[in-house]
Structures are given as structure tokens and as C-alpha cells.
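The values are calculated or read from the model by the stated rules, or taken from the named source; none is laboratory data. Keep in mind the model is a prediction, meaning the values are calculated, not measured. Cβ sites come from the backbone with ideal geometry, for glycine too, and all protein chains shown count toward neighbours. Remember, those area values only see protein heavy atoms, side chains included, never the ligands or the DNA or RNA. Shrake-Rupley method; radii C 1.70, N 1.55, O 1.52, S 1.80 Å.
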Amino acid sequence: MNTELTSIGGAVCNETLSAGLIFAEGQSLTHQNKEALWEIFEAIGASWANTIYNSNNQRSSWYEMLKAKTENAPNYAGEYVNAIYVINELKAMYGTEDAYKKLFFESGIDNNAPPTTRLAHCKIYVVNEFIRMQITAGGFKSWGTKYDGEQARNYHGFLGGTRYNRTPRVRAYNPDTNNHKNDQE
């Protein structure tokens, strides 16, 4: 029984590349590039139904990450533009919804192997990075709200909370309630 997934996509997705980063030093992303990448990021939250406001509550953090990854060495602009080419081919072949489903769940890409195709570069250098960023920024704190579940409380991702401090911490330290009070009497 063959358990290996077959690769998806066409000529663009399956074009062979070096496993190293796609060279892009000195290049930057256009507004149109950023919007196309944002669509990929939004699709991650939509696929797992784990974000609120269509991921817009994470947009500024996402832009900060994108800026850092394209204005400092190594420059990921080449990887990001490659991801746009890949998703455009997948959307042309499968339609938008199925394109993201195939990219996220049926790509056949081994995350532990060197990425040697455009599709593998897209999955490993862009999609997996966006997934990590989405989780780190608190993507799973709204899990279940789509089906009338309660929005998660006291969970703000791995960063320990939003920078906006809209919700209170789990509990505030109150020195009058410590257990050592009786020791001092």
C-alpha cells in the first residue's frame, strides 16, 4: 500500500528549485503582493474556523512580521512572491476554496524534507510560517465560536496576551491574600 501523497498543482507548483531561500535581497513587496498574502493568512483561520473578524484582529501583527521578513536579511520577498504564483495556479486549477484545502491539507509536502519545488517552498517557508504566526498571535483563542461555543477566556496565545490589554489577566496578585500571613503573627 502506497501511503505517500501525490503532489498537487501543475507546472508552476512542481517546478524544481534549490532548497535554499529564493534570492530576493533588495526586493520589496507591492501592496497587491501583500493583499494576496493576506488572503492566504485569512484562509488559514477560515480553514480551522478558529479566528474572529476574519483574522483582522491579527492584521497589524501580521504586517509587522511581513515587514521584518522583507526588510532584513535574509529577505523573504522571493518566497512570498513564489507563494502567490503557487496559490494562483492552484486557484486556477481547483477553485479558491479547494485550492486552500489542497495547499493546507493535501499538498503531499514532507515538512522535514528539503523544499525542492515551488509548492514545497510555498508550504514550508510561507504557509507553515503563517500558521505559526497565527497560533502565536492567539489564533486558537476563539475556537468554537462558529458553532455557538464560548470564546476562550484567559488564553492569549504563546505571547501571554494582546498588546491592547482589552481583557483582564487571569487574576491579579493581591499581597493580602498570601498564605504566609499567619506566619508573621
Does N57 meet the test of being within 19 Å of G26 (Cα to Cα) and either modelled with pLDDT of 90 or more or in a helix (DSSP H, G or I) (or both)?
no
Give the residue, chosen from A99, A73, A36, that is on the phi < 0 side of the Ramachandran plot and modelled with pLDDT under 95.
A73
Condition (residue is open to solvent by 40 Å² or more (accessible area, probe 1.4 Å), outside any loop (DSSP other than H, G, I, E, B), at pLDDT 95 or above and within 21 Å of W48 (Cα to Cα)) applied to region 138-155: is it met by at least one residue?
no
Could you list all residues from region 102-122 that are part of a helix (DSSP H, G or I), surrounded by fewer than 22 Cβ atoms within 10 Å (Cβ to Cβ) and of a type in the set (D, E, K, R)?
K102
Within region 48-71, the residues that are in contact with a Lys or Arg (Cβ under 7 Å, 6 or more places away or on another chain) and among the small types (G, A, S) are A49
For Y80, the lone unmet condition from (1) hydroxyl-bearing (S, T, Y); (2) under 15 Å from K34 (Cβ atoms); (3) not in a helix (DSSP H, G or I) is (3)
